[in-house]
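Peer 1: Please read through the structure below; I'll follow up with questions.
The values are calculated or read from the model by the stated rules, or taken from the named source; none is laboratory data. Quick caveat, the model's predicted, so the values are computed rather than measured. Positions of Cβ are backbone-derived with ideal geometry, glycine not excepted, and every protein chain shown enters the neighbour counts. Side chains are part of the model used for accessible areas, which takes the heavy atoms of the whole protein and leaves out ligands, DNA and RNA. Shrake-Rupley method; radii C 1.70, N 1.55, O 1.52, S 1.80 Å.
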Amino acid sequence: MKWLLPLVVIVILLIGCENKSVHGGTEGFITQFVSDDKVLIGDTIYEINRDTQIQTTDGDALKKNDLKIGMKVQPFYKDTLKETFPARGDAKLLRVSVDDESQKESVMMINVLHQLKHNEDEHFIITNVVHEDGVYEMDVMRRSNVDIGFTITVHDQTYEILYMEA
C-alpha cells in the first residue's frame with residue numbers, strides 16, 4: 001500500500017503534463033551538482049527548473065536544496081535527451097529513493113566518491129551499479145577524461161574499494 005500513493009502521483013503527473021513526451025531516465029546516484037540548477041545523475045546532467053517536481057518514493061515533496069551527493073534518484077525528463085556526453089535533459093520529476101537499501105547505497109556512494117577524489121575539482125560519472133555476492137561493482141569515468149573508464153569493486157559492508165580494473 002505504501003508504494004501505491006507514489007505510483008498514483010507519478011501517473012497523474014505524467015498523464016497531466018502539457019507535453020506528453022515525458023520519459024523515465026535511468027535510475028542512478030547524484031555524483032555532482034554541475035551548477036545551482038543542474039545535477040549529474042549517472043551519465044546524464046538534468047536541468048532543474050521551477051516546473052521540476054522533486055519528491056521521495058514515499059510521495060513527500062522535496063526542494064532542490066534537499067538534494068545531496070550520493071542520493072539514489074529516478075529521473076523523469078521531458079522531450080528528448082541532448083546527445084552530448086554526458087547527455088543533457090530537462091527534469092520533469094526527480095524521485096529520490098528513501099527505502100533502507102537505497103539509504104545504505106547512498107552512504108556507500110558518498111564513501112566511494114571520497115576514496116576516488118584526489119582534489120575538489122575532480123568529478124566522476126558512475127553507472128551500472130550492481131550489488132551481488134557481498135560487493136558492489138560499478139563503471140566509473142572521470143569527467144575530465146571520459147575516454148578512460150574503469151570498473152571498481154566495493155565491499156558492501158565497509159564500502160572500501162577492493163579492486164580497480166581499467
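Peer 1: With respect to GLU120, determine if the residue is open to solvent by 20 Å² or more (accessible area, probe 1.4 Å), outside any strand (DSSP E or B), more than 13 Å from GLY28 (Cβ to Cβ) and among the acidic types (Asp, Glu).
Peer 2: Criteria met by GLU120.
Peer 1: Taking only region 113-130 into account, find how many residues are in contact with a Ser or Thr (Cβ under 9 Å, 6 or more places away or on another chain) and either polar (S, T, N, Q) or free of Cβ contacts under 8 Å to residues at least 40 places away in the same chain (or both).
Peer 2: Of the residues in that region, 4 qualify.
Peer 1: Within the bounds of region 28-44, is there any residue that is among the aromatic types (Phe, Trp, Tyr), touching a helix residue (DSSP H, G or I) at 6+ places or on another chain (Cβ under 8 Å) and within 24 Å of THR84 (Cα to Cα)? Let's see the steps before the verdict.
Peer 2: As a first pass, look at region 28-44 and keep what is among the aromatic types (Phe, Trp, Tyr): 29, 33.
Still in the running and touching a helix residue (DSSP H, G or I) at 6+ places or on another chain (Cβ under 8 Å): 29.
Add one more test, that the residue is within 24 Å of THR84 (Cα to Cα), and what stays is 29.
Yes: one or more hits.
Peer 1: Another one. Can you tell me which residue in region 133-143 is most open to solvent (accessible area, probe 1.4 Å), limited to those that are under 19 Å from the mean Cα position of the chain (by Cα) and of a type outside the set (A, V, I, L, M)? Working first, answer last.
Peer 2: Of the residues in region 133-143, the ones under 19 Å from the mean Cα position of the chain (by Cα) are 136-143.
Those still in the list that are of a type outside the set (A, V, I, L, M) too: 136-137, 139, 142-143.
Details: TYR136: 0, GLU137: 89, ASP139: 56, ARG142: 73, ARG143: 70 Å².
Within region 133-143, the match that is most open to solvent (accessible area, probe 1.4 Å) is GLU137.
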